[in-house]
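The values are calculated or read from the model by the stated rules, or taken from the named source; none is laboratory data. In this text, all values refer to a predicted model and were calculated from it rather than measured experimentally. Positions of Cβ are generated from backbone atoms using ideal geometry, with glycine treated the same way; all protein chains shown enter the neighbour counts. When the accessible area is computed, the model is the full protein with side chains, heavy atoms only, and any ligands, DNA or RNA have been set aside. Shrake-Rupley method; radii C 1.70, N 1.55, O 1.52, S 1.80 Å.
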Amino acid sequence: MTRNAKLKRRVRSRCAKTGESYTAALRHFRHTHDTPGFHSFPMAVAQTRFFDDPSDLPALRASGAEMRDLMNKARLEGARLLHFPEGTLCSPNKRIMSSLGRREIGPSDWSRCNWDAFRTEIEAIRALAGQLKLWTVFGAAHRLSEPHRPHNSLYVISDRGDLVTRYDERLLSNTKISFMYSPGKRPVTFEVDGFRFGCSLGMELHYPEVFIDYEQRDVDCVLFSTTGESPQTAFAAEALGHAASNSYWLSFSAHTPQSIVMPSGIADPAGQWAARCPHSEHAVLAMAHITIDPDSPAKPWRRKARSGLYAAFQIDGDPRSDETSLF
């Protein structure tokens, strides 16, 4: 009873400081006090080769085999979750898919995609995730009913081999929205061992509102996946910036061509790389133990600052404040 009373006092104190609900505040203390092992979560981020022709059966099989090899390696290293890039199995090339031929970008002809091979490889990945007891998050095109274009998605497979949820890219590039995919409609979160994850994809790293929204949803880590078709030097700064400004972990997963300027990695809440893959032409992974510090003041203060804290302290009617042309 004494222990419970102390815990309740600490939770109520956190509620008063942060404005969180009692349930949300309690979750932070349970990470570190009630359940051993929740405080530190071992996860891996993958950097895989880039395949862009969804009609190429041998390439699809090679991509699936590569993914399963990394899953086995990640489990041997103790990972509970493995995060893969956008279009892990295949990220269809806009010219290969163009109904006007490769010389001109036009509406994608999705009949060129070997959907049966996609399904076979995805089922093998799902089954292995269950066998290894490894949460697995990977990118793939998600087929819709005709005549709708597919979503560009992240599948979340549990350690039981179940499809838990799917995230569909919402803020698509001009080419994707014009010729290739249907946009998604909602953010997605899921929980593993008491840690809450959010999902993001494609070029969404350019949009801070996506990552601010996930902070408001109380995530501990955002899983961001992208391709390696054209290395984006700005992504490095943006990934670290989102992690630091929102005080959460951010996992960045891309393909090997991207590793020239931006290897896959896991950024900590201070905006530093906790783990990074090397520049490599081969599939590799990096490991980090993400943690939660319930006593860190950073996230509660940012929430308080963003909730209108300063309005009561602003000065009205003082010409020394109102006039901006004075020294």
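What are the residue pairs meeting all of these: first residue in the range 313-327, first residue free of Cβ contacts under 8 Å to residues at least 40 places away in the same chain, second residue open to solvent by 100 Å² or more (accessible area, probe 1.4 Å) and not β-branched (Val, Ile, Thr), Cβ atoms under 9 Å, and 6 or more apart or on different chains?
Ser321/Gln314; Asp322/Asp316; Leu326/Arg320
Give me the pairs: first residue in the range 38-52 and over 16 Å from Ser225 (Cα atoms), second residue among the aromatic types (Phe, Trp, Tyr) and buried (at least 21 other Cβ atoms within 10 Å of the Cβ), beta-carbon distance under 7 Å, and six or more apart or on different chains, which are they?
Close Cβ pairs satisfying both conditions: Phe41/Phe195.
Which residue is modelled with the lowest pLDDT, if the candidates are limited to the range 281-313 and must be polar (S, T, N, Q) and open to solvent by less than 70 Å² (accessible area, probe 1.4 Å)?
First, the residues of the range 281-313 that are polar (S, T, N, Q): 291, 296, 307.
Within this subset, residues satisfying the condition of being open to solvent by less than 70 Å² (accessible area, probe 1.4 Å) are 291, 296.
Values: Thr291: 92, Ser296: 77.
Across the range 281-313, the extreme among qualifying residues is Ser296.
Considering each of Asp316, Asp268 in turn, give the residue that is surrounded by fewer than 12 Cβ atoms within 10 Å (Cβ to Cβ) and acidic (Asp, Glu).
On the way: Asp268 fails: surrounded by fewer than 12 Cβ atoms within 10 Å (Cβ to Cβ).
So the residue among Asp316, Asp268 that is surrounded by fewer than 12 Cβ atoms within 10 Å (Cβ to Cβ) and acidic (Asp, Glu) is Asp316.
Residues Gly64, Gly106: which one is of a type in the set (Gly, Ala, Ser) and not in a loop (DSSP other than H, G, I, E, B)? Don't jump to the end; show me each part of the working.
Numbers: Gly106 fails: not in a loop (DSSP other than H, G, I, E, B).
Sole residue among the options that is of a type in the set (Gly, Ala, Ser) and not in a loop (DSSP other than H, G, I, E, B): Gly64.
In the range 116-135, which residues are open to solvent by 40 Å² or more (accessible area, probe 1.4 Å), in a helix (DSSP H, G or I) and out of contact with any strand residue (DSSP E or B) (no Cβ under 9 Å at 6 or more places or on another chain)? Break it down stepwise before answering.
First, the residues of the range 116-135 that are open to solvent by 40 Å² or more (accessible area, probe 1.4 Å): 116, 119-120, 123, 126, 131, 133.
Applying the additional criterion that residues be in a helix (DSSP H, G or I) yields 116, 119-120, 123, 126, 131.
Residues satisfying the conditions are Asp116, Arg119, Thr120, Glu123, Gln131.
Among the numbered criteria (1) open to solvent by less than 20 Å² (accessible area, probe 1.4 Å); (2) at pLDDT below 90; (3) within 16 Å of the chain's Cα centre (by Cα), which one does Ala236 miss?
(1)
If Pro183 passes every condition in (1) over 23 Å from Ala44 (Cα atoms); (2) in contact with a helix residue (DSSP H, G or I) (Cβ under 7 Å, 6 or more places away or on another chain); (3) buried (at least 18 other Cβ atoms within 10 Å of the Cβ) but one, which one does it miss?
The one condition Pro183 does not meet is (3).
State all residues of the range 205-223 that are surrounded by 17 or more Cβ atoms within 10 Å (Cβ to Cβ) and out of contact with any strand residue (DSSP E or B) (no Cβ under 7 Å at 6 or more places or on another chain); if no residue qualifies, say none. Even if it seems obvious, please write down each step before you answer.
The first filter runs over the range 205-223 and keeps only residues surrounded by 17 or more Cβ atoms within 10 Å (Cβ to Cβ), leaving 205, 210-211, 214-215, 218-223.
Of everything in the range 205-223, just one residue is surrounded by 17 or more Cβ atoms within 10 Å (Cβ to Cβ) and out of contact with any strand residue (DSSP E or B) (no Cβ under 7 Å at 6 or more places or on another chain), namely Glu215.
Only one residue in Leu82, Leu128 is farther than 16 Å from Asp52 by Cα and either in contact with a Lys or Arg (Cβ under 7 Å, 6 or more places away or on another chain) or of a type in the set (Lys, Arg) (or both), so which one is that?
Checking each option against the conditions leaves just Leu128.
Say we look at the range 19-74 and pick out the residues that are within 21 Å of the chain's Cα centre (by Cα) and aromatic (Phe, Trp, Tyr); which of these is modelled with the lowest pLDDT?
Checking each candidate, the answer is Phe38.
Given the conditions (1) within 19 Å of Glu281 (Cβ to Cβ); (2) touching a helix residue (DSSP H, G or I) at 6+ places or on another chain (Cβ under 7 Å); (3) open to solvent by less than 20 Å² (accessible area, probe 1.4 Å), which single one is not true for Pro54?
Failed condition: (1).
Need the failing condition index for Ser321 against (1) under 26 Å from Leu76 (Cα atoms); (2) surrounded by fewer than 17 Cβ atoms within 10 Å (Cβ to Cβ); (3) among the small types (Gly, Ala, Ser), just the number.
With (1) under 26 Å from Leu76 (Cα atoms); (2) surrounded by fewer than 17 Cβ atoms within 10 Å (Cβ to Cβ); (3) among the small types (Gly, Ala, Ser) applied to Ser321, the lone miss is (1).
For the range 84-99, give me the residue count where each residue is touching a strand residue (DSSP E or B) at 6+ places or on another chain (Cβ under 7 Å) and at pLDDT 90 or above.
7
Quick check on this structure: which one of Arg80, Arg102, Arg68 is out of contact with any strand residue (DSSP E or B) (no Cβ under 9 Å at 6 or more places or on another chain), basic (Lys, Arg) and surrounded by 15 or more Cβ atoms within 10 Å (Cβ to Cβ)? Give the derivation first.
Working: Arg80 fails: out of contact with any strand residue (DSSP E or B) (no Cβ under 9 Å at 6 or more places or on another chain); Arg102 fails: surrounded by 15 or more Cβ atoms within 10 Å (Cβ to Cβ).
Checking each option against the conditions leaves just Arg68.
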